[in-house]
Amino acid sequence: MSANSAAVNAISCRSADLHARPTPKLPSRRALLASTALLLVTQTAGARTLAGGTGMPWRPFAGDPPQAVEPGPWVFFTPEEGAAVEALVDRLIPPDAETAGGKDCGCAVFIDRQLAGAYGSARGLYMSPPFLQATPEQGLQAPSTPAQLYHRMLVALDAFCRATYAGNPFAQLPDGEKDRIITGMENGSLQLQGTSATPFFEILLQDTRYGFFADPVYGGNRDMAAWKMIGFPGARYDYRDWVERYNERYPHPPISIAGRNAGSPLHP
Amino acid sequence: MATKLPATEIVIIGLGWTGSIIAESMTKAGFNVVAIERGPWRDTATDFPPSYAPDELRYAVQHDLFVRPAQTTLTFRNNPNQTALPIRTWGSFLLPNGVGGAGVHWNAQTWRFLPTDFVLKTHLTQRYGAKFLPADMTIQDWGVTYDELEPHFDAFEYLCGTSGTAGNLKGQKQPFGNPFEGPRSRPYPTPAQKQPYGPVLWAEAAKEMGHSPFPQPSGNLSQAYTNPLGVTLGPCTYCGFCERFGCGNYSKASPQTTILPVLMRRTNFEARTGCEVTRIKLDNSGKRATAVTYIDTQGREWEQPAEMVFLCAFQMFNVQLLLLSGIGQPYDLNTGQGVIGRNYSYQVTSSVQAFFDNKIFNPFIASGAIGMCIDDYNGDNFDHGPYGFVGGGYMGMVQPNARPIEATPTPPGTPQWGAAWKKAVKDNYLSTILPSVHGSCYSYRDCYLDLDPTYKDRFGRPLMRLTFDFHENELKMSQFLTDRLAEIVQRMAPRQIAKLPRTGHYSIVPYQTTHTCGGAIMGTDPKTSALNRYLQSWDVHNLFVTGATNFPQNAGYNPTGTIGALTYWSLDAIHKQYLKNPGPLVHA
Ligand SMILES: Cc1cc2nc3c(=O)[nH]c(=O)nc-3n(C[C@H](O)[C@H](O)[C@H](O)COP(=O)(O)OP(=O)(O)OC[C@H]3O[C@@H](n4cnc5c(N)ncnc54)[C@H](O)[C@@H]3O)c2cc1C
């Protein structure tokens with residue numbers, strides 16, 4: 001789990017997080033306290049007093065690795081929304097002869113899980129009002145969370161498609177029509193339920209790219225397809241033998257933080 | 001109501017780079033030290049092990065190590081006529097949280113400012129005349145010289161084990177080093193890092209054009225190194241996950257890899273994490289700090305009395321705590337009077353993208369501070385007379401990473417999506433470089449920090465308000481420097497280049513650097529500086545303030561080498577003078 005998903009007050013305190021989470025591997029809180037009693041003069045939710053004298057404080061299982069996205073049904077999207085997003089990401093990053101497209105790379109799964117988590121609810125961001133008109137230099141001042149934006153715009157997109165294309169949802173349209181709609185969202189010519197679809201296009205494109213290029217542990221970049229396409233070796237972490245080999249293609253396949261063969265929840 | 005705790009001798013606010021240096025020095029001298037840090041404890045093995053440290057989404061994109069805007073942020077506007085609005089998600093800079101501070105997730109590009117940078121106003125006025133400077137520019141001399149700081153630059157570099165090639169040893173120019181640097185008393189502690197293909201080709205081109213390329217000084221070490229405290233760092237593996245990440249190899253200099261293992265063995269040291277300082281309390285005279293108050297993560301308020309307070313909370317939060325504690329006169333834009341919040345400055349970065357055919361750069365083989373640079377256009381190393389601006393910067397082929405979310409460049413004109421985008425990403429990833437300029441940013445009357453009238457943090461305290469824009473002098477400089485960089489890049493015979501100088505208004509949205517500076521600057525006159533030349537508050541003699549907060553304006557380098565040197569310089573005066581006779585070290 002990334003610290004993003006912890007409540008704001010607990011964000012700064014890994015230890016509170018640790019205690020809140022029922023992980024069987026962990027020793028009991030009492031055992032934990034006893035074993036580190038010398039170090040921890042007070043141990044409250046998050047705030048810690050670390051007295052010097054015994055060296056670097058250390059507790060077993062204090063690490064916070066990411067939680068791998070599990071395959072399975074949509075968590076955030078409805079099945080119809082999921083189908084629309086798969087169709088969208090597959091036009092933003094279309095499949096070609098060598099590399100899968102956005103859909104088969106898991107970009108929609110990635111977005112689904114992100115929207116269900118901290119990202120979707122803008123957790124950790126400053127969301128206090130007032131939300132005022134901003135200059136472009138002042139950055140986004142939107143009161144709605146990414147999850148709200150996606151839901152609203154996917155509903156609007158669906159209504160638009162069914163009204164315009166004889167009851168067909170976005171996913172059922174021919175590629176040319178899909179691209180025409182996406183282009184309209186991109187350049188602002190397409191209004192969806194009275195609002196510009198451009199902010200939605202921008203966030204969708206950004207999230208699709210994140211899903212394509214992020215470590216497969218988050219559900220996208222399946223089989224490390226994006227990394228193989230560009231020649232990025234992922235989490236190899238040691239290139240001492242290669243730093244001075246010039247103009248030569250690095251020969252080793254990528255690896256993920258979830259392991260060598262990670263990132264294929266649908267193709268185990 | 002705050003619960004009062006037993007008194008201690010020294011309180012340090014923020015256990016980052018400078019807080020750790022001070023804690024080590026003061027505990028070694030035998031004092032009881034309590035460091036209060038708002039973020040969590042962090043260490044290599046538990047918080048950024050190699051097994052999951054290289055996670056671009058979590059650390060670089062979703063900002064896992066930084067302070068959350070919901071916890072604290074600031075408001076921003078380009079000029080005083082606008083309404084400042086909150087930074088809701090980080091962009092232009094990324095503010096720290098947790099033990100080690102920004103020292104955990106910095107690049108470790110470890111520079112010394114030029115000798116002339118410290119006497120900037122005097123130097124430029126003498127060389128070009130006062131009229132050459134824009135009327136609203138508020139640059140100042142620092143009150144300390146390069147020669148005075150040299151032993152302390154040396155101390156910081158030997159703490160870190162900095163890898164580099166000296167260009168000037170005791171006044172003797174050295175081949176392959178930076179000929180413009182100030183004299184150093186001894187070589188870098190470790191040799192420069194190895195250089196990948198892109199920097200090597202760029203350096204050849206720069207050399208052919210008569211420049212003097214040298215390796216960027218790096219706190220990611222070329223080899224194992226044991227520092228004077230006895231702490232050992234390992235060699236860098238060029239993984240390319242440095243800035244925004246913790247290093248899993250113990251090869252990036254940070255408080256964790258250079259100081260904390262020693263500090264945590266001292267019985268006269270205590271760290272309190274998850275505790276945010278809200279105020280520095282003064283006695284009735286207003287001239288002595290008596291305690292700090294802080295709130296822990298359960299929302300309980302505590303008061304920690306102390307004899308001496310060090311404010312080491314990073315530039316932005318130092319200024320905030322001074323304003324909220326009523327220490328020093330706040331800067332008033334209308335009168336130009338007051339010092340807290342005055343002379344905020346930043347960094348003017350730019351770059352040139354170059355796309356090649358038939359070149360494989362393997363740009364992912366990188367360290368946070370790798371590359372070849374020139375200093376020919378930094379500071380006042382060239383005659384500004386013909387150009388009508390002041391300032392400069394280092395430039396070079398410095399490529400700290402090619403992580404795919406952030407670094408999959410496509411040539412100008414490529415669509416943002418679809419088959420053409422995908423093909424362009426594939427074709428250009430390995431064969432594109434992004435040489436860059438790290439330009440100075442001087443200070444101005446209308447660039448400052450104060451408290452926002454509307455927006456509050458989670459404790460109901462006003463957020464900081466940043467009023468800042470690039471001025472014509474800096475935009476001219478950026479154009480000039482980016483053009484010079486492009487000339488060198490062109491000589492490498494790329495297929496296509498894209499020049500990306502800074503233009504228009506400063507934007508809070510795209511990341512530029514976390515080199516925010518000023519707001520409580522050092523100097524020789526309490527009317528124009530918050531701190532004296534030893535970083536001691538003019539108003540409250542037992543309060544010392546460290547960090548880029550001290551800079552009267554920013555030079556064309558990353559700040560931390562100079563921040564470290566100033567911290568050691570201040571400690572030197574504290575040990576030799578202040579502790580013997582506590583009181584103002586300089587009489588105004
Ligand atoms: C991504 C990134 C890359 C960088 N790269 C470079 C580089 O290559 N070269 C370079 O020279 N510099 C670089 N820097 C800047 C460098 O990290 C800082 O200059 C340096 O860490 C400053 O040291 P400091 O002690 O002033 O602050 P920090 O090291 O940041 O420590 C400040 C500490 O104070 C704590 N704190 C803040 N407010 C409070 C409060 N109210 N109560 C309690 N604690 C508080 C913070 O949580 C933090 O731990 C980079 C910064 C970032 C973010």
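General observations
- Principal-axis analysis of the Cα atoms of chain B puts helix B:418-428 at an angle of about 90° to the longest axis.
- Peptide ranges B:33-45, B:378-390 listed from the most packed, as the mean C-beta count within 10 angstrom indicates: B:33-45, B:378-390
- Reduction of at least 50 Å² in accessible surface, 1.4 Å probe, comparing all protein chains with the chain by itself, residues of the range B:243-281: B:Met264, B:Thr273
- Heavy-atom surface analysis with a 1.4 Å probe gives chain B a carbon and sulfur content of 51 percent of its accessible area.
- Ordered by 1.4 Å accessible area with all protein chains kept, B:Glu474, A:Glu186 run largest first as A:Glu186, B:Glu474.
- Per residue, in Å², the accessible surface of the protein assembly as shown once ligands and nucleic acids are set aside, probe 1.4 Å: 35 Å²
- Couplings for the range A:110-117, taken from phi via the Karplus curve 6.51 cos²θ - 1.76 cosθ + 1.60 with θ = phi - 60°, read 4, 5, 4, 6, 5, 5, 6, x Hz in order; Gly and Pro are left as x.
- FRET efficiency, A:Ser189 to B:Arg127 (Cβ-Cβ, R0 51 Å, nearest 0.05): 0.40
- Amide H contacts of B:Arg184 (H built 1.01 Å from N, under 5 Å, at least 5 apart or other chain): B:Asn168, B:Leu169, B:Lys170, B:Gly171
- Efficiency of FRET between B:Thr83 and B:Asp332 - r from beta-carbon atoms, R0 22 angstrom, step 0.05: 0.70
- Taking every DSSP helix (H) stretch of at least 4 residues in chain B, weighting each as -39,500 (n - 2.57) and dividing the sum by the residue count yields a mean residue ellipticity at 222 nm of -6000 deg cm²/dmol.
- B:Tyr394 long-range amide H proximity, modeled H, under 5 Å: B:His438
- Summing Cβ point charges (Lys, Arg +1; Asp, Glu -1) relative to the Cα centre of chain B gives a dipole of roughly 500 debye.
- Net lengthening on full extension, B:Met1/B:Thr414 (0.36 nm per residue, minus Cα-Cα): 142.7 nm
- Each peptide in B:238-251, B:415-428, B:575-588 receives the mean, over its residues, of other Cβ atoms within 10 Å, and ordering these scores from highest gives B:238-251, B:415-428, B:575-588.
- Here the contact order of chain B, divided by its residue count and restricted to Cα pairs under 8 Å and six or more residues apart, works out to 22 percent.
- Extent along principal axes [Cα atoms of the range B:3-578; Å; largest to smallest]: 70, 56, 54
- Protection proxy ranking of A:63-73, B:177-187, by the mean of other Cβ atoms within 10 Å over each peptide's residues and highest first, is B:177-187, A:63-73.
- Peptide-level mean, for B:399-408, of C-beta atoms on other protein chains within 10 Å: 4
- Relative to the longest principal axis of the Cα atoms of chain B, helix B:472-491 runs at roughly 40 degrees.
- In nm, spacing of pseudo-spin labels at B:Gln174 and B:Glu406 (7 Å Cα→C-beta vector): 3.0 nm
- Here the protein assembly as shown carries DSSP beta bridges of which approximately 70% are antiparallel, counting only pairs with both residues inside.
- Using the Cβ-Cβ distance between B:Arg495 and B:Arg265 with R0 = 56 Å, the FRET efficiency computed as 1/(1 + (r/R0)^6) comes to roughly 0.50.
- Summed over both chains, the accessible area lost when B and A associate is about 8000 Å², using a 1.4 Å probe.
- Per-residue mean of C-beta atoms belonging to partner chains within 10 Å, peptide A:219-231: 3
- Only Cα pairs under 8 Å and 6+ residues apart enter the sum, and on that basis the relative contact order of the range B:47-102 stands at 30 percent.
- Distance (nanometres) between label positions extended 7 Å along Cα→Cβ at A:Asn168 and B:Lys580: 8.9 nm
- Cα-based shape type of the range B:113-271, given that a ≥ b ≥ c are square roots of the gyration tensor eigenvalues and the cut on a/c is 1.5: oblate
- For the range B:302-454: relative contact order, % (alpha-carbon pairs under 8 angstrom, 6 or more apart): 33 percent
- Averaged over peptide B:70-79, the number of partner chain Cβ atoms lying within 10 Å of each residue's Cβ comes to 4.
- Drop in accessible area of at least 50 Å² in the complex versus isolated chain, residues of the range B:167-209, 1.4 Å probe: B:Lys194, B:Tyr197
- Under Karplus coefficients 6.51, -1.76 and 1.60, residue-wise ³J(HN,Hα) of the range B:133-146 in Hz, glycine/proline x: 8, x, 4, 9, 7, 10, 5, 9, 6, 8, x, 9, 10, 4
- Backbone amide hydrogens, once placed in the peptide plane, bring B:Cys373 within less than 5 Å of B:Phe214, B:Gln216, excluding anything fewer than 5 places away on its chain.
- Solvent-accessible ranking of B:Asp572, B:Asp117, largest area first, probe 1.4 Å: B:Asp572, B:Asp117
The values are calculated or read from the model by the stated rules, or taken from the named source; none is laboratory data. What you see is a predicted model, and the numbers here were worked out from it, not measured in a lab. Glycine also receives a Cβ, built like all others from the backbone with ideal geometry; neighbour counts cover every protein chain displayed. The accessibility values were calculated without ligands, DNA or RNA, using every heavy atom of the protein model including side chains. Shrake-Rupley method; radii C 1.70, N 1.55, O 1.52, S 1.80 Å.
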